[in-house]
Amino acid sequence: MAFQPIVNIRDQTIFAFEALVRGPEGQSASSVLAKVDSRNIYAFDQSCRVRAIETSAQLGLVESGAALSINFFPGAVYRPETCIRATLAAAHRVMFPTDRLVFEVTEGEKIVDRRHLKGILEEYRRNLFRSAIDDFGAGYAGLNLLAEFQPDIIKIDLELVRDIDTKPVGRTIVAAVVKLCRDLNIKVIAEGVETGAELAVLDAMGIDLFQGYLFAKPGFNSLPKPVF
């Protein structure tokens with residue numbers, strides 16, 4: 001696992017670390033995900049959750065007060081109440097507070113059964129987990145999913161964030177998403193922030209939470225300290 005901080009620029013704290021899959025020697029996520037298919041996706045999803053929780057605890061994330069954000073595959077979750085048993089067991093084993101676990105579903109994964117995904121997210125909420133939609137604005141779920149279930153967090157896709165200081169249409173779209181989330185009491189994270197100009201525009205919109213190379217790159221088996 002590699003970990004990348006998500007920062008709050010208002011009080012200059014770390015809101016969370018996102019766990020990012022890597023090979024055992026630090027190989028890229030794409031090289032690992034290329035080996036995942038329908039035969040092993042369930043075991044892979046479960047292993048990633050457990051490894052992320054255990055590794056982050058060993059690195060001192062629990063003591064830091066930050067949350068841990070973990071990506072998951074909706075297609076790997078057959079019965080959510082059954083699939084989270086290993087997650088809960090790992091959290092209890094390392095004394096990781098479950099209300100500081102965030103599960104991200106990427107919009108980039110095609111949502112075949114939106115009702116099934118809604119059931120997963122509702123079960124997570126019953127167990128005090130928080131939920132997030134990653135890559136919002138670039139995938140399949142979008143407003144249709146928001147109409148049925150309101151996650152705790154939305155992460156604005158990096159393609160909308162990139163060069164937003166030079167793209168008036170992009171600024172209008174992101175500003176509308178920020179207002180929508182504010183009305184629905186959903187936290188907004190701008191991901192993929194790489195320049196001060198991008199940060200200035202997003203900051204002016206009232207976004208507090210950011211993730212990107214401007215603050216810190218992912219750290220392999222480490223919790224990087226962000227630069228504010």
Exercise. Restricting attention to segment 14-45, and to residues there that are out of contact with any strand residue (DSSP E or B) (no Cβ under 7 Å at 6 or more places or on another chain) and within 22 Å of ILE153 (Cα to Cα), which single residue is modelled with the highest pLDDT?
Worked result: VAL21
For this session: Could you tell me which numbered condition ALA197 fails, if it satisfies all but one of (1) within 19 Å of the chain's Cα centre (by Cα); (2) on the phi < 0 side of the Ramachandran plot?
Result: (1)
For this session: Inspect segment 73-87 for any residue being crowded, with 19+ Cβ neighbours inside 10 Å, modelled with pLDDT of 75 or more and not β-branched (Val, Ile, Thr) and give the result as yes or no.
Result: no
For this session: Take LEU158 and decide whether it is of a type outside the set (S, T, N, Q), modelled with pLDDT of 90 or more and closer than 22 Å to ALA19 by Cα.
Result: yes
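Here is a yes/no grid of residues against (1) at pLDDT 95 or above; (2) surrounded by fewer than 17 Cβ atoms within 10 Å (Cβ to Cβ); (3) among the aliphatic types (A, V, I, L, M):
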{"position": "ALA147", "(1), (2), (3)": "no, yes, yes"}
{"position": "GLN150", "(1), (2), (3)": "no, yes, no"}
{"position": "ILE154", "(1), (2), (3)": "no, no, yes"}
{"position": "GLY170", "(1), (2), (3)": "no, no, no"}
{"position": "ILE173", "(1), (2), (3)": "no, yes, yes"}
{"position": "ILE186", "(1), (2), (3)": "yes, no, yes"}
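Residue-wise test of (1) under 20 Å from ARG130 (Cβ atoms); (2) of a type in the set (Ser, Thr, Tyr); (3) in contact (Cβ under 8 Å) with a residue 40 or more places away in the chain.
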| residue | (1), (2), (3) |
| --- | --- |
| PRO24 | no, no, no |
| GLN27 | no, no, no |
| SER30 | no, yes, no |
| LYS35 | no, no, no |
| ASN40 | no, no, no |
| ASP45 | yes, no, no |
| ARG51 | yes, no, yes |
| SER69 | yes, yes, yes |
Exercise. Which number in (1) of a type in the set (Asp, Glu); (2) part of a helix (DSSP H, G or I); (3) surrounded by 14 or more Cβ atoms within 10 Å (Cβ to Cβ) marks the one condition that GLU194 misses?
Worked result: (2)
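Taking the options ALA147, ALA190, ALA175, name whichever one is more than 30 Å from THR98 (Cβ to Cβ) and without any contact (Cβ under 8 Å) to a residue 40 or more places away in the chain. Steps first, answer last, please.
On the way: ALA147 fails: more than 30 Å from THR98 (Cβ to Cβ); ALA190 fails: more than 30 Å from THR98 (Cβ to Cβ).
Of the residues listed, the single one that is more than 30 Å from THR98 (Cβ to Cβ) and without any contact (Cβ under 8 Å) to a residue 40 or more places away in the chain is ALA175.
Quick check: is even one residue across segment 216-223 polar (S, T, N, Q), touching a residue at least 60 places away in the same chain (Cβ under 8 Å), farther than 16 Å from ALA66 by Cβ and touching a strand residue (DSSP E or B) at 6+ places or on another chain (Cβ under 8 Å)? Spell out the reasoning first.
Within segment 216-223, the first condition is being polar (S, T, N, Q), and the residues that meet it are 221-222.
Still in the list and also touching a residue at least 60 places away in the same chain (Cβ under 8 Å): 221-222.
Next, only the ones that are farther than 16 Å from ALA66 by Cβ stay: 221.
Now drop any that are not touching a strand residue (DSSP E or B) at 6+ places or on another chain (Cβ under 8 Å), which leaves 221.
So far as segment 216-223 goes, yes, one or more of its residues are polar (S, T, N, Q), touching a residue at least 60 places away in the same chain (Cβ under 8 Å), farther than 16 Å from ALA66 by Cβ and touching a strand residue (DSSP E or B) at 6+ places or on another chain (Cβ under 8 Å).
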Exercise. Does VAL62 satisfy the criteria of being β-branched (Val, Ile, Thr) and surrounded by fewer than 19 Cβ atoms within 10 Å (Cβ to Cβ)?
Worked result: yes
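The values are calculated or read from the model by the stated rules, or taken from the named source; none is laboratory data. Keep in mind the model is a prediction, meaning the values are calculated, not measured. Using ideal geometry, Cβ is built from the backbone for each residue, glycine included, and neighbour counts are taken over all protein chains shown.
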